[in-house]
1. Going by amide H atoms built from the backbone, whose H comes under 5 Å of the H on Thr166, apart from near neighbours?
2. For segment 129-187, divide the Cα radius of gyration by the Kirkwood radius and give the resulting Rg/Rh value with two decimals.
3. For Trp72, Trp134, Trp39, what ranking results if the residue with the fewest other Cβ atoms within 10 Å of its Cβ goes first?
4. Obtain the nm distance between the two label points defined at Arg35 and Ala138 by a simple spin-label model: each point lies 7 Å from its Cα along the Cα-to-C-beta direction.
5. Fewest to most neighbouring Cβ within 10 Å: what's the order for Tyr91, Tyr168?
6. Pop a pseudo-label 7 angstrom from the Cα along the beta-carbon direction at both Thr80 and Ala157 and give the gap in nm to one decimal.
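Any read-out appearing in this document is the output of simple, stated calculations on the displayed coordinates, not a laboratory observation. As the structure is a prediction and not an experimental result, all values here were calculated from the model. Neighbour counts run over all protein chains shown; Cβ positions are idealised from the backbone, glycine included.
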Amino acid sequence: MANEAEQHGIIEISGYPYLGLPHDPEPPDSESRRRFLKWISLAVGGLGATAVGVPVVAFILRPLFTKKERTWRQVGAVDTFKVGTTTKVTYADAAPVAWTGISGRTAAWLRRDSTDTFTAYSINCSHLGCPVRWLPDAELFMCPCHGGVYYKDGTVAAGPPPQQLTKYPTRVSGDQVEILTSPIPVT
Ligand code: FES
């Protein structure tokens, strides 16, 4: 005698669950198997996400926990700077990485105060980091982004900068002026 599925023209295929009729109760082991597969999927997905996510997050956060390099950089021969002048100098960033390319270079403003003393100012505005310009006639540093103004000694004259320009230590080594670099200050 034909069973109910056969009476409705449904053929059961070996290895696949019998779909049954709308009013059929589910086989008792179907729910537990579904739950088991769901947990397997979650576990495999979680492992995959961890395997991919941990290295990415570590790469992004590493700079926050890496000790910042400070390095003396040569910025030019002493004789190339006239006493009383302020000159833009460029040099390799404090902690360049292999892929930085041209962005691995940074700059500072270097004033020759006397025959043997120099002062170096960060080129980055203390507000949001825009590069400041030196106006020799006015003897002021101007920030083009939001109108920040600094006196020639780096102290704030006007605008939104919350503090003076960062100063870098300088020294003369042989015939070269050197700046002790540090990562771009962020305020
Ligand atoms: S970044 Fe210089 S004033 Fe805002």
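1. Here the answer is Ser122, since their amide H atoms fall under 5 Å of that of Thr166.
2. 1.03
3. Placing the least packed residue first, the sequence is Trp39, Trp72, Trp134.
4. Here the modelled spin labels are 7.4 nm apart.
5. By the 10 Å Cβ count, ascending, the order reads Tyr91, Tyr168.
6. Using points 7 Å along Cα→Cβ, the separation is 2.7 nm.
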